[in-house]
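The structure appears below as structure tokens.
FYI, it's all coordinate maths here, none of it is from the lab. Since the model is a prediction, treat every value here as computed from it, not as a measurement. Because the Cβ atoms are built from the backbone with ideal geometry, glycine has one as well, and the counts that use them run over all protein chains shown.
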Amino acid sequence: MKIADIRKLSTEQLAKQSSELRDEISELKTKKVLGEATNVRLVKHKRKDLARMLTVLSEQLTKEKI
């Protein structure tokens, strides 16, 4: 997901999607360990998406406090 798309989301949507991404990452890690994963790089991409979301979320929360 691109940063421009992430910035368009509301705070609630970001929080919801970040928790969903965390669940996906844990499932992908489990599949990787069990040998069921076909694309092992997907975990890396999902982690970067999560980091982007958390960064934008913290920026939005900071703006709301001001």
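Structure data summary
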item	result
Local net charge near Val56, Cβ-Cβ under 14 Å (Lys/Arg +1, Asp/Glu -1)	+2
Scattering curve values for the chain, log₁₀ I(q)/I(0), Debye with Cα scatterers, q = 0.14, 0.16, 0.24 Å⁻¹	-0.46, -0.56, -0.96
Sequence-distant lysines (8 or more away, or on other chains) whose Cα lies within less than 29 Å of Lys32	Lys2, Lys16, Lys44, Lys46, Lys48
Estimated FRET transfer efficiency (Ala15, Ala37; beta-carbon r; R0 30 Å; 0.05)	0.65
Average Cα contact separation per residue, the chain, under 8 Å, 6 or more apart, as relative contact order %	48 percent
